[in-house]
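Right, one structure below, let's go through it.
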Amino acid sequence: MFTIMMMLTAMLSSLSTQTSAASHAEASVWEAPPAIYHAAYSPVGSQSSDSIYPSPSGEESLNGLTLQNRIEDANRIFGHFSGQAPAYMGGEEYHYPGLSVGAYEGWIYYVSVPASAGTFTLNGRSIPMDVHQIRAELGKPDFTAEDGFGYEHDGQAIKVFVDPRDGELRSVDLFDSSSV
């Protein structure tokens, strides 16, 4: 038994001393970072002192809607929806001017504001649809992905969807991060 333990220790120790650094040949091949990297990490001015994110209430709101609202609340705020289609994660997607809302059994589970809206309102503050302005308001992202960057707090996420090829903003979405 002692011999087996010593062999395992030796094997594991040899694995932990191996380096995972790229070889010199690999390191010399440099590719420019994709546009999404620039959108998420390009330098911006200092974050404003009165931060709008996360919301002091714990309920993030995008264009006046939270994930605790029902579709009736969206109808009350924006009027009756102009169109409806199956939502990507089940339920229905409701279309309002400058806004789409996903709901399942009447409960809102995402809110999406397209870049064409020009601005969005996060926790009561209007922000231009510009990745640099968003970064200036919200600070360093909590996560990045091929299609954007975002901020996560208490099971809610604000994601800024960006075209990975050109860095152009596509939409700003609020959703339940535990459902993804």
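Structure above, values below:
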read-out	value
Some residue of segment 166-179 being modelled with pLDDT of 95 or more, of a type in the set (Ser, Thr, Tyr), in a strand (DSSP E or B) and within 18 Å of Pro54 (Cα to Cα)	no
In segment 115-126, residue surrounded by the fewest Cβ atoms within 10 Å (Cβ to Cβ) [restricted to those that are free of Cβ contacts under 8 Å to residues at least 60 places away in the same chain and assigned to a strand (DSSP E or B)]	Ser126
Selection count, segment 76-94, where residues are touching a residue at least 12 places away in the same chain (Cβ under 8 Å), surrounded by fewer than 16 Cβ atoms within 10 Å (Cβ to Cβ) and within 19 Å of Thr121 (Cβ to Cβ)	2
Residue match in segment 149-168 (condition: over 15 Å from the mean Cα position of the chain (by Cα), surrounded by fewer than 16 Cβ atoms within 10 Å (Cβ to Cβ) and free of Cβ contacts under 8 Å to residues at least 12 places away in the same chain)	no
Leading residue by the ranking (nearest to Pro54 (Cα to Cα)) among those in segment 128-144 that are assigned to a strand (DSSP E or B) and without any contact (Cβ under 8 Å) to a residue 60 or more places away in the chain	Phe143
Flag for Val131 being out of contact with any Asp or Glu (no Cβ under 7 Å at 6 or more places or on another chain), under 25 Å from His80 (Cα atoms), crowded, with 21+ Cβ neighbours inside 10 Å and among the β-branched types (Val, Ile, Thr)	no
Verdict on Ser112 being out of contact with any Pro (no Cβ under 9 Å at 6 or more places or on another chain), of a type in the set (S, T, N, Q), in contact (Cβ under 8 Å) with a residue 12 or more places away in the chain and surrounded by 15 or more Cβ atoms within 10 Å (Cβ to Cβ)	yes
Failed criterion for Gly98 (all others in (1) surrounded by 15 or more Cβ atoms within 10 Å (Cβ to Cβ); (2) without any contact (Cβ under 8 Å) to a residue 40 or more places away in the chain hold)	(1)
Of all residues making up segment 111-130, the number that are among the aliphatic types (A, V, I, L, M) and out of contact with any Ser or Thr (no Cβ under 8 Å at 6 or more places or on another chain)	1
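The values are calculated or read from the model by the stated rules, or taken from the named source; none is laboratory data. Just so it is clear, the structure is predicted and the values come from calculations on it, not from any experiment. Don't worry about glycine lacking a Cβ; one is built from the backbone with ideal geometry, like all the others, and counts go over all protein chains shown.
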